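S.K.: Quick one: this structure, given as structure tokens, is what I'll be asking you about.
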Amino acid sequence: MPGLAMPSSCSGMHKYRSLAIWKRSHELLLCTLRSTDASYHPRSRSLFDQIRRAAISVEANLVEGYALGTPLQFRRHLRIACGSAAEAECLIRAAGELNYLAIDVVKRLEALLDEVLAMLFGLLRKPIKAAS
């Protein structure tokens with residue numbers, strides 16, 4: 001099984017967009033932002049703000065870890081992204097139970113989170129490549 005592949009410099013940094021995990025986390029982010037905008041109510045403000053921050057953190061940590069260019073830093077940021085995804089999942093469930101988000105929106109976000117978490121766990125199980 002291959003190890004984590006990292007860019008050799010920031011010049012290759014934009015290549016994160018080719019990662020399947022980034023594509024799914026970006027979709028999660030956009031869906032989260034659109035859904036919370038469309039369902040906004042004053043009572044939901046603090047919960048939606050935290051859901052949005054958690055979804056932003058998933059994608060941002062993937063990109064930041066990738067940009068740092070070392071497998072150890074990437075792995076560290078993958079763990080942070082994993083925690084943020086788990087936080088978002090917990091809060092989205094609460095938003096659904098409080099009827100702040102429609103059930104179909106909750107199911108869509110949960111499905112995206114399941115995919116993202118599975119990909120994160122898969123990447124974390126890969127061995128780290130030795131420096132050459």
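S.K.: Starting from segment 81-109, keep only residues that are more than 11 Å from Ser57 (Cβ to Cβ), then list their pairs with residues that are open to solvent by 100 Å² or more (accessible area, probe 1.4 Å) whose Cβ atoms are within a distance under 8 Å, requiring at least 6 positions of separation or different chains.
M.R.: Taking only residues 6 or more apart or on different chains, the pairs are Gly96/Ile103; Tyr100/Arg43; Val106/Arg93.
S.K.: Out of all the residues in segment 42-52, which are touching a residue at least 12 places away in the same chain (Cβ under 8 Å) and touching a helix residue (DSSP H, G or I) at 6+ places or on another chain (Cβ under 9 Å)? Explain how you work it out, then say what you get.
M.R.: Restricting attention to segment 42-52, the residues satisfying the condition of being touching a residue at least 12 places away in the same chain (Cβ under 8 Å) are 43-44, 47-48, 50-52.
Within segment 42-52, Ser44, Leu47, Phe48, Gln50, Ile51, Arg52 meet the criteria.
S.K.: When you look at Leu30, is it surrounded by fewer than 17 Cβ atoms within 10 Å (Cβ to Cβ) and under 23 Å from Phe121 (Cα atoms), yes or no?
M.R.: yes
S.K.: Oh, and also: Out of Glu64, Glu110, Glu89, which single residue is of a type in the set (D, E, K, R) and open to solvent by 60 Å² or more (accessible area, probe 1.4 Å)? Talk me through it step by step, then tell me what you get.
M.R.: Working: Glu110 fails: open to solvent by 60 Å² or more (accessible area, probe 1.4 Å); Glu89 fails: open to solvent by 60 Å² or more (accessible area, probe 1.4 Å).
Exactly one residue qualifies, and that residue is Glu64.
S.K.: Out of all the residues in segment 57-69, which are assigned to a helix (DSSP H, G or I) and either touching a residue at least 60 places away in the same chain (Cβ under 8 Å) or of a type in the set (D, E, K, R) (or both)?
M.R.: So in segment 57-69, the residues assigned to a helix (DSSP H, G or I) come out as 57-68.
Hits for segment 57-69 are Glu59, Glu64, Tyr66, Ala67.
S.K.: Give Leu101, Leu120, Leu72 a once-over and let me know the one that is in a helix (DSSP H, G or I) and either in contact with a strand residue (DSSP E or B) (Cβ under 7 Å, 6 or more places away or on another chain) or buried (at least 19 other Cβ atoms within 10 Å of the Cβ) (or both).
M.R.: Numbers: Leu101 fails: in a helix (DSSP H, G or I); Leu72 fails: either in contact with a strand residue (DSSP E or B) (Cβ under 7 Å, 6 or more places away or on another chain) or buried (at least 19 other Cβ atoms within 10 Å of the Cβ) (or both).
Just one listed residue meets the conditions, Leu120.
The values are calculated or read from the model by the stated rules, or taken from the named source; none is laboratory data. Just so it is clear, the model here is predicted, and its values are computed rather than measured. Reconstructed Cβ throughout: ideal geometry from the backbone, glycine too, with neighbour counts over all protein chains shown. With ligands, DNA and RNA removed, areas are computed over all heavy atoms of the protein, side chains included. Shrake-Rupley method; radii C 1.70, N 1.55, O 1.52, S 1.80 Å.
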